[in-house]
Amino acid sequence: MKRTPFYEKHLEWGGKMVEFAGFSMPIQYGKGVLEECRRVRNTVGVFDVSHMGEIEIRGGDTLDFVNSVTTNDASQLEIFQTQYSCLCYPDGGIVDDLLVYRFPDRILLVVNASNIEKDYQWLLQNQRGDVEIVNQSDAVGQLAIQGPRAEEVMQEVVECDLSKIGFYWSAEAKLLGIPVLISRTGYTGEDGFEVYCTPEEAPRVWDGILEAGKKWEIDPVALAARDTLRLEMNYCLYGNDIDQKTTPLEAGLGWITKLSKGDFIGREVLLKQKEEGVRRRLVGFEMLEKGIPRHHYEIRRNGENIGEVTSGNYSPSCEKSLGLGYVKKPFDKEGTEIEILIRGKPLKAVVVKPPFYKQASHK
């Protein structure tokens, strides 16, 4: 298994290490998943996200190329602005969801850990024009600092005015004298930042941020809590809620699918799907009876199979069990009562409007 630059730090903090996307990563620390979730919702927590992939695109045709392979409109990005987007196959299935960063001299694609090599090869297969595609994933350490007190913590160590960095914008700055890229992004719904640095400087970055956050009771947060936090916000997880057999329109990602921008891979199929209407939709639901929905559990309506759970867990922020899943239309409407087949027993649930957690602090 590969190790991130923060591996020794995880051991120091008592992280329970597991294999994740080829990396040795902490699934939780000593205080447990529920406390880690509460820490992020109430003050601030720190995640090692160095397992994510970073692919740089350079050259005279960079913008046109990125626009041809992603669903969102990269041409609308200003310098140092970021957008959420997807890579699609010609049949509209999702290769990956990702972040697109625009800089003066390049575009940076931040992709999911489990898809790094697949995404890199997909980009190379579709390369056109004057572009150079470089997989920089092993040369980058990355931390996510998330929570309502994130700006206060980071302002203690970063040498720039963080209040001027808007949501989904970034800046080059120094953190305790260390050159870093800092962006106001994250996947928890809370205000926060993601910091990119070299692997060599990563331990100093970790120590500096954890020291600065002591007055706000900062704690490291691991994979299990990260998954719960993103579920509470109805954020998709690749491999569960989206994959090569789902389209952005089915997944409720029409807002990052700009069919009017011009040609891109998958556009014709997605255009047809929009015109004809999708036959199923990804929905969020809350359990009305006691039980935890899990991946692949059957979703029913009056005893009839109408879909399948893609993600589910108990939410400490909402104090109830939540889930995501694809259901046939018209059972995607808010307020529709459904049943989740849990251990052979159909338990009542209801389709709700996302996000589940509505008090998040992101700016």
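When you count the other C-beta atoms within 10 angstrom of each residue and take the mean per peptide, 322-333, 218-229 line up highest first as 218-229, 322-333. Remark: MET154, MET25, MET17, MET233 ranked as MET17, MET233, MET154, MET25, counting other beta-carbon atoms within 10 Å and listing the fewest first. Using C-alpha pairs below 8 Å separated by at least 6 residues, the relative contact order for the chain is 18 percent. The packing ranking of peptides 244-256, 116-128, highest mean first, is 244-256, 116-128, where packing means the average number of other beta carbon atoms within 10 angstrom of each residue.
Based on Cα contacts under 8 Å between residues 6+ apart, the stretch 1-100 shows a relative contact order of 15 percent. Charging the Cβ of each Asp and Glu at -1 and of each Lys and Arg at +1, and nothing else, the dipole of the stretch 10-142 about its Cα centre rounds to 560 debye. Annotation: lysines with alpha-carbon distance below 27 angstrom to LYS328 (same-chain offsets under eight excluded): LYS245, LYS258, LYS272, LYS274, LYS290, LYS320, LYS345, LYS348, LYS353, LYS358. Qualifying trypsin sites (Lys or Arg not before Pro) in the stretch 262-309, where qualification requires a DSSP coil assignment and no more than 10 other C-beta atoms within 10 Å, comprise ARG279, LYS290.
With the cut-off at 28 Å, tell me which of the pairs LYS174/LYS214; LYS118/LYS214; LYS164/LYS214 have Cα atoms farther apart than that. The answer is LYS118/LYS214.
Do any GluC sites (Glu not before Pro) in the stretch 1-92 lie in a DSSP loop with no more than 16 other beta carbon atoms within 10 Å, and if so, which? Filter output for the stretch 1-92: GLU78.
Bear in mind that the values in this text are calculations on the coordinates, not laboratory data. No experiment lies behind these values; they were computed from the predicted model shown. With ideal geometry, Cβ positions are generated from the backbone for all residues, glycine too; neighbour counts draw on all protein chains shown.
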